[in-house]
1. Looking at HIS54, HIS79, can you tell me which residue is buried (at least 21 other Cβ atoms within 10 Å of the Cβ) and touching a helix residue (DSSP H, G or I) at 6+ places or on another chain (Cβ under 7 Å)?
2. Could you please give the count of residues in the stretch 1-33 that are out of contact with any Ser or Thr (no Cβ under 9 Å at 6 or more places or on another chain) and small (Gly, Ala, Ser)?
3. Collect the residues in the stretch 87-119 that are among the charged types (D, E, K, R) and under 17 Å from SER45 (Cα atoms), keeping them in residue-number order.
4. Considering only residues that are charged (D, E, K, R) and at negative phi, which ones fall in the stretch 36-77?
5. Is it fair to say ILE39 is surrounded by 14 or more Cβ atoms within 10 Å (Cβ to Cβ) and at pLDDT 95 or above?
6. Where in the stretch 34-119 are there helices (runs of 4 or more DSSP H), lying wholly inside it, with at least 3 residues that are among the basic types (Lys, Arg) and over 17 Å from ARG5 (Cβ atoms)?
7. Give all pairs with beta carbons closer than 7 Å in which a residue from the stretch 33-46 that is over 16 Å from GLU93 (Cα atoms) meets a residue that is among the β-branched types (Val, Ile, Thr); count only pairs at least 6 apart in sequence or on separate chains.
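The values are calculated or read from the model by the stated rules, or taken from the named source; none is laboratory data. Remember, it's a predicted structure, so these values are computed and weren't measured experimentally. Backbone-built Cβ (ideal geometry, glycine too); neighbour counts: all protein chains shown.
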Amino acid sequence: MNSYRDLKVWQAAIELAVECYTLTGKFPKEEIYGLTSQIRRAATSIAANIAEGHGRELTGSFLQFLRISQGSSKELETHMLIAQRIGLIGEYEFGQMAARCDEIGRMIRALIRSLQEKQ
């Protein structure tokens with residue numbers, strides 16, 4: 001692996017962030033500093049922390065940033081649940097996003113285990 005861009009989990013996180021931008025673009029303008037901002041920041045944080053951790057070139061640092069990324073995935077899922085419950089997104093959209101967060105979380109956990117085994 002030469003670059004974080006080669007990581008499937010980073011690629012999936014980028015796709016998720018793009019989907020979040022598209023989805024929140026339909027939110028009411030009064031949410032721009034509320035859930036829109038929170039969802040976008042949590043979504044971009046997943047991929048950004050994977051990249052930053054990889055760039056540190058130390059396994060311990062990479063593991064730390066992967067855990068932060070994992071936390072951002074749970075944060076995103078929570079914001080999406082709130083958005084669904086207050087009627088900003090439908091149940092189907094929430095289900096799709098929750099499934100994506102879960103998939104990325106599993107990928108991050110697998111990468112964490114793989115790196116821990118190499119230590």
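1. HIS79
2. Result for the stretch 1-33: 2.
3. Within the stretch 87-119, ARG100, ASP102, GLU103, ARG106, ARG109 meet the criteria.
4. ARG40, ARG41, GLU52, ARG56, ARG67, LYS74, GLU75, GLU77
5. Considered against the rule, which asks whether it is surrounded by 14 or more Cβ atoms within 10 Å (Cβ to Cβ) and at pLDDT 95 or above, ILE39 comes out as yes.
6. The qualifying helices (runs of 4 or more DSSP H) are 59-85, 91-118.
7. That search, which allows pairs on different chains as well, returns ILE46/ILE104.
To keep it simple, each residue is scored yes or no on (1) in contact with an Asp or Glu (Cβ under 6 Å, 6 or more places away or on another chain); (2) crowded, with 16+ Cβ neighbours inside 10 Å; (3) closer than 20 Å to ILE32 by Cβ.
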{"position": "PHE65", "(1), (2), (3)": "yes, yes, no"}
{"position": "SER73", "(1), (2), (3)": "no, yes, no"}
{"position": "GLN84", "(1), (2), (3)": "no, yes, yes"}
{"position": "GLY105", "(1), (2), (3)": "no, yes, no"}
{"position": "LEU111", "(1), (2), (3)": "no, yes, no"}
{"position": "SER114", "(1), (2), (3)": "no, no, no"}
{"position": "GLU117", "(1), (2), (3)": "no, no, no"}
